[in-house]
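S.K.: First, the structure itself, so that you have it in front of you.
The values are calculated or read from the model by the stated rules, or taken from the named source; none is laboratory data. Because the structure is predicted, anything quoted here is derived from the model rather than measured. We place every Cβ from the backbone using ideal geometry, glycine too, and count neighbours over all the protein chains shown. With ligands, DNA and RNA removed, areas are computed over all heavy atoms of the protein, side chains included. Shrake-Rupley method; radii C 1.70, N 1.55, O 1.52, S 1.80 Å.
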Amino acid sequence: MRTPAPESRPVALTIAGSDSGGGAGIQADLATMAAHGVFGTSAITAVTAQNTRGVESSFVLPIEEIEAQLAAVTDDFAVGAAKTGMLATTEVIETVANRAGEFDFPLVVDPVMVATTGDRLLEPEAERAYEDLLGAATLVTPNADEAEVLTDIAVTDEETAHEAGEAILETGVDAVLVKGGHVPGERVQDVLVTDDTTRAFEHPRVGTDATHGSGCALAAAIAARLAKGEPLETAVEGATDFLARAVRYYYDVGEGHGAVNHMAPLRNEAARELTAEEVQAVVDRLVDADASALVPEVGMNVVGATPYAESVAETAAVEGRITRTLSGLQPNRGVRFGASSHVARFLLSAREFVPDLRFAVNCRFDADVAAALESLEWPTAEYDRGEQPDAIADTEGSTMGWGARQAFADRDEPPAAVVDRGEVGKEALVKLVAEDPETLAERALALDREVTE
């Protein structure tokens, strides 16, 4: 008989409806909690028949069954935080509000009042019942439409979001996060308002309609982080980052708009070791083949991004780069995350246009390499940093973003190689890109053979 090795985890509770399509409600909440390393428990308020196209029917559970679920969970588990979602009726809201007054843990309220279409989901009496629930809550997370229902203030920017947040604070809730997903603009701005501070969290808007359940996931992520002991502002910051990634890398399932990818951050973290190993494998192949002809004066680097990478810290590269020596190629040190700046930022910028790209290597560029690229007949793009507008030349990161737009935007197929003609005092380079390490290695070795022959 083996010795058991139990694991202790923080516990969170979701009080919400069931979504048979898995994109929202209890299913989304539990997946989000699991992704944050939290054990999820639930009290189901309603059962819905829905999918990626919409809701076909719903059934609200009897109040005594909802009360029994709440009692069963809170009597047995050391709940660290809870969140509410679809409460459906005045009676359900009042029932949860009565129990919430007894909670000795934080409560996040997602006031499900207005559908994405703009349709009101609750009767006025049920909307008014939310005031008592908010009085027992730590945080409420209305979208712009729901904030308007609660305050009669139309949320159109940060100023009106702050104004609505202050009005909602009068219900007795500790803090308000006015979500900006329904407010038009290139960036999504969520505004956190408390009695003491106001802070906006911004992310680029993702061009997708696969946002069903995003409100559930955000509130569940905040609750999970609160259950782990994070301060409120830290929990909100981490949860908004989580949601931005979950929406960008959504699940392409169903015949509707797909579903939010609650597991994206967890899978991204799990892929770190494999990504580093894949980068090392490319480096080894280049070293074994002695691809010295490709090494620029600044040194070569091979970079790999995790599947859902959003920052340089999520890219693996050779620390100190690969240099040319009398005995062949020599990596200065090993592979680690965050080791590259230039090539990593270029790869991340390229992924804004072609998210499947995960690997890149920088090579020297001269007449021989140009001729080799022509012989290989790969799709090749280029940009000249000397031509970039002054308005975006302030930082190296902006330079990379501008270069990626020139190389990747509005193309029928992504390039295999991108020529970076540099600027005054900087060496011209060619960057090879690929979706997988095998393709990147083959491209680099093919270019090396063309150059050396």
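S.K.: Give the residues of the range 252-271 that are touching a residue at least 60 places away in the same chain (Cβ under 8 Å) and either open to solvent by 50 Å² or more (accessible area, probe 1.4 Å) or farther than 21 Å from residue 188 by Cα (or both), sorted by residue number.
M.R.: Residues satisfying the conditions are 253, 254, 255, 256, 257, 263, 266.
S.K.: Answer yes if at least one residue in the range 345-352 is within 21 Å of residue 416 (Cα to Cα), open to solvent by 70 Å² or more (accessible area, probe 1.4 Å) and of a type in the set (A, V, I, L, M, F, W, C), and no otherwise. Walk me through how you get there before you give the answer.
M.R.: Step one: list which residues in the range 345-352 are within 21 Å of residue 416 (Cα to Cα), which gives 345-352.
With the extra rule that they be open to solvent by 70 Å² or more (accessible area, probe 1.4 Å), the set shrinks to 352.
Then keep just the ones that are of a type in the set (A, V, I, L, M, F, W, C); that gives none.
No; the residues of the range 345-352 include none that is within 21 Å of residue 416 (Cα to Cα), open to solvent by 70 Å² or more (accessible area, probe 1.4 Å) and of a type in the set (A, V, I, L, M, F, W, C).
S.K.: For the range 273-325, how many residues meet the condition of being surrounded by fewer than 21 Cβ atoms within 10 Å (Cβ to Cβ), within 13 Å of residue 336 (Cβ to Cβ) and in contact (Cβ under 8 Å) with a residue 60 or more places away in the chain?
M.R.: The total comes to 1.
S.K.: Testing residue 193 on (1) within 20 Å of residue 216 (Cβ to Cβ); (2) without any contact (Cβ under 8 Å) to a residue 40 or more places away in the chain; (3) under 24 Å from the mean Cα position of the chain (by Cα), one condition comes back false. Which one is that?
M.R.: Single failed check for residue 193: (1).
S.K.: I'm told residue 204 meets every condition in (1) buried (at least 19 other Cβ atoms within 10 Å of the Cβ); (2) under 27 Å from residue 22 (Cβ atoms) except one. Can you identify the failing condition by its number?
M.R.: Of the numbered conditions (1) buried (at least 19 other Cβ atoms within 10 Å of the Cβ); (2) under 27 Å from residue 22 (Cβ atoms), the odd one out for residue 204 is (1).
S.K.: Right, residue 428: touching a residue at least 60 places away in the same chain (Cβ under 8 Å) and closer than 18 Å to residue 359 by Cα or not?
M.R.: No, not satisfied.
S.K.: Mind checking whether some residue in the range 407-422 is assigned to a helix (DSSP H, G or I) and either polar (S, T, N, Q) or over 21 Å from residue 298 (Cα atoms) (or both)? Steps first, answer last, please.
M.R.: To start, the set of residues in the range 407-422 that are assigned to a helix (DSSP H, G or I) comprises 407-408.
Remaining after also requiring either polar (S, T, N, Q) or over 21 Å from residue 298 (Cα atoms) (or both): 407-408.
For the range 407-422, residues assigned to a helix (DSSP H, G or I) and either polar (S, T, N, Q) or over 21 Å from residue 298 (Cα atoms) (or both): present.
S.K.: When the residues of the range 72-93 are narrowed to those that are more than 20 Å from residue 132 (Cα to Cα) and small (Gly, Ala, Ser), which ends up nearest to the chain's Cα centre (by Cα)? If you could, list the steps in order and put the result at the bottom.
M.R.: The initial filter retains those residues of the range 72-93 that are more than 20 Å from residue 132 (Cα to Cα), namely 72-80.
Add one more test, that the residue is small (Gly, Ala, Ser), and what stays is 72, 78, 80.
Details: 72: 34, 78: 29, 80: 24 Å.
Only one residue fits best here, namely 80.
S.K.: What residue, of 174, 190, is modelled with pLDDT of 90 or more and touching a His at 6+ places or on another chain (Cβ under 9 Å)?
M.R.: Working: 174 fails: touching a His at 6+ places or on another chain (Cβ under 9 Å).
Just one listed residue meets the conditions, 190.
S.K.: Right, next: Quick one: would you say residue 246 is of a type in the set (A, V, I, L, M, F, W, C), surrounded by 16 or more Cβ atoms within 10 Å (Cβ to Cβ) and over 23 Å from residue 322 (Cβ atoms)?
M.R.: yes
S.K.: Among the residues of the range 337-359, which ones are within 22 Å of the chain's Cα centre (by Cα) and outside any loop (DSSP other than H, G, I, E, B)?
M.R.: Across the range 337-359, the qualifying residues are 337, 343, 344, 345, 346, 347, 348, 349, 350, 351, 359.
S.K.: Mind checking which residues of the range 181-205 are assigned to a loop (DSSP other than H, G, I, E, B) and closer than 30 Å to residue 53 by Cα? Outline the logic, then answer.
M.R.: In the first step, residues of the range 181-205 are kept if they are assigned to a loop (DSSP other than H, G, I, E, B); the result is 181-186, 195-197, 205.
Across the range 181-205, the qualifying residues are 181, 182, 183, 184, 185, 186, 205.
S.K.: Something else: If you scan the range 62-99, which residues turn out to be among the aliphatic types (A, V, I, L, M) and buried (at least 19 other Cβ atoms within 10 Å of the Cβ)?
M.R.: We begin by selecting, within the range 62-99, every residue among the aliphatic types (A, V, I, L, M); these are 63, 66, 68, 70-73, 78-79, 81-82, 86-88, 92-93, 96-97.
Selection gives 66, 70, 79, 81, 82, 86, 87, 88, 92, 93, 96, 97.
S.K.: Given the structure, is residue 24 open to solvent by less than 50 Å² (accessible area, probe 1.4 Å) and over 14 Å from residue 223 (Cβ atoms)? Walk me through how you get there before you give the answer.
M.R.: Working: open to solvent by less than 50 Å² (accessible area, probe 1.4 Å): yes; over 14 Å from residue 223 (Cβ atoms): yes.
Considered against the rule, which asks whether it is open to solvent by less than 50 Å² (accessible area, probe 1.4 Å) and over 14 Å from residue 223 (Cβ atoms), residue 24 comes out as yes.
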